[in-house]
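The values are calculated or read from the model by the stated rules, or taken from the named source; none is laboratory data. Not measured: the values here are computed from a predicted model. Using ideal geometry, Cβ is built from the backbone for each residue, glycine included, and neighbour counts are taken over all protein chains shown. Ligands, DNA and RNA are stripped out before the accessible areas are found, and what is left, the full protein with its side chains, is counted by its heavy atoms. Shrake-Rupley method; radii C 1.70, N 1.55, O 1.52, S 1.80 Å.
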Amino acid sequence: MSADVAEKHFDKGLANTIAAESSMSYIDGVNGILEYVGIDIDQLARNSTFEETTFLLWNGRLPNQAELDELNAALRAEYTLPSGIIDLIKTFPADAAPMHALQTAVAALALHDPEADVNDPEANIRKAIRLVAKTPAVVAAFDRHRSGKDIVDPDPSMDIASNFLWMLNGEKPTETMARALDVCLILHADHGTNASTFTSLVIIATLSDLYSSMAGAIGALRGPLHGGANEGVMRMLEEIGDIESIDAAMQKKFDNKEKIMGFGHRVYKAYDPRATYLKTFARGLAEDTGNMNLYEMSSRIEEIMNEAVAAKGIFPNVDFYSATTYWSLGLKLDLFTPMFAIARMSGWTGHCIEQLADNKLIRPGSSYIGPHEMPYVPMSER
Ligand code: SDX
């Protein structure tokens, strides 16, 4: 092993490496605690809004009323997509993956932002506002386009959650539905240096730009080991079909050593506190919308997993009950991960701005395990 690597250690998956300092999210994986800037996630889910939580994550404190009104106004002023982005979305194939559509359109937003490459904090907060405000419109516009429906203009009289459901469905959501989605956005807004946030940090740390960083983060979130798991949970529930089939189906998955979507976590070795909240939420929404079969199936799966792997520290994570919640909210299955991206846009942008305030290029070493002193063999001799 060469000298420059000798003093370093190989940490596969960086599972035991601290790669950043942050004052945004505190995660206690042993006791199942999540705080945003010191405030317990349960308190925020009960009392806050996604917009207020976004202010908290970006500014390190709760806003006063004037500050919250100012942020709400700034976000709503940015709901509308540039016409060029609408035209671009209309060129996307109807069978394109929504996360590919989202990643493409978010990257393309840079082409319409004269400040795209300005990296001072003020410009980045303005871009963060544009990104948080416009991501819902991208997701809704693509879904309307692929469904052969007219794209619905945003309504600046509504908050982000209500406006998203308005643009998606073309009708005003009920208070219950809007509040449920708002709470989901709060629960998904930030979570330390998870894979997609870390991706965004690697990109911004090169002094690239916020749009490039967000496009990278969306790519990382898409994976089924990360944000794609909520879609994977729904597909698993659909594949199993009914509660009578669960026990045999789960045994087969165990026999095949399959990873069960919505369970396990790199940090939580206890119940994910977001899952605690989402489980209660899922039940209420499932009851209201005739989806109790999904909730009951999920509960049975949780019982089986509890018996099988709880001792290994494998519990439901944020994605397990968000699947039933999103389905009950009427979201299509392949819009679950885009929903995650809409929420995490506030965390991703906040972490990038935090990184730039005390930046250092992120470039870990690698331990070379290939051959040395190999000859160049001419083609005629190969
Ligand atoms: C998110 O990091 C974050 O903060 C992410 C997130 C956020 O808010 O940003 O919380 C959101 O991504 C939640 C996680 C969503 N992913 C899934 O639900 C996919 C299923 N989960 C697993 O793939 C897994 O639990 C990971 C990827 C989430 C974490 O895996 P690790 O830390 O790399 O651990 P591992 O895969 O090495 O597993 C350790 C052991 C293994 O058993 P052994 O080989 O030691 O016997 O636990 C087992 C694994 O087989 N295991 C599972 C399992 N998860 C881990 N076994 C069955 N089903 C599972 N889901």
Worksheet entry | Rg ratio (alpha-carbon, reference 2.2 N^0.38 Å) - the range 29-134 | 1.31
Discussion item. Which of rounded, prolate or oblate describes the range 105-246 when judged by the alpha-carbon gyration tensor and an a/c cut-off of 1.5?
Written reply: oblate
Worksheet entry | lysines whose Cα lies under 22 Å from that of K332, excluding same-chain neighbours fewer than 8 positions away | K90, K134, K149, K172, K279
Worksheet item: For the chain, what log10 I(q)/I(0) values come out of the Debye formula at q = 0.06, 0.09, 0.11, 0.13 1/Å, with one point per alpha carbon and no solvent?
Response: -0.25, -0.54, -0.79, -1.08
Worksheet item: Using bins 10 angstrom wide from zero, how does P(r) for the range 229-328 break down, in % of all Cα pairs?
Response: 17, 53, 28, 2
Fill in: Size of charge dipole - the range 57-101 - debye, nearest 20, with Cβ of Lys, Arg +1 and Asp, Glu -1, no other charges
60 debye
Worksheet item: What is the magnitude of the charge dipole of the range 229-328 about its Cα centre, with +1 placed on the Cβ of each Lys and Arg, -1 on the Cβ of each Asp and Glu, and no other charges, expressed in debye to the nearest 20?
Response: 560 debye
Fill in: Total charge dipole magnitude, the chain, about the Cα centre, Cβ charges on Lys, Arg, Asp, Glu only, Debye to nearest 20
680 debye
Item to complete: Show the residues, 5+ positions off or on another chain, whose built amide H is closer than 5 Å to the amide H of I33.
Response: D28
Worksheet item: Setting aside same-chain residues fewer than 8 positions from K360, which aspartates and glutamates have a Cα under 16 Å from its Cα?
Response: E21, D120, D209
Practice prompt. Take the Cα coordinates of the range 34-76, assign each an equal point scatterer, and use the Debye formula without solvent to give log10 I(q)/I(0) at q = 0.14, 0.30, 0.31 Å⁻¹.
Written response: -0.29, -1.10, -1.14
Discussion item. Over the range 109-170, with the other protein chains present, what is the accessible area per residue in square angstrom, probe 1.4 angstrom?
Written reply: 39 Å²
Fill in: Residue-normalised accessible area of the range 229-328, expressed per residue, 1.4 Å probe, Å²
46 Å²
Worksheet entry | Cut-off under 5 Å, modelled amide H: who pairs with S25 long-range | V37, G192
Worksheet, complete the sentence: With Cα springs under 10 Å, the Gaussian network model of the chain assigns the largest mean-square fluctuation among P173, P114, P338 to P114
Worksheet entry | Share of carbon and sulfur in the accessible heavy-atom surface of the chain [1.4 Å probe, %] | 54 percent
Worksheet entry | Neighbour net charge for I41 - beta-carbon separation under 13 angstrom, K R +1, D E -1 | -4
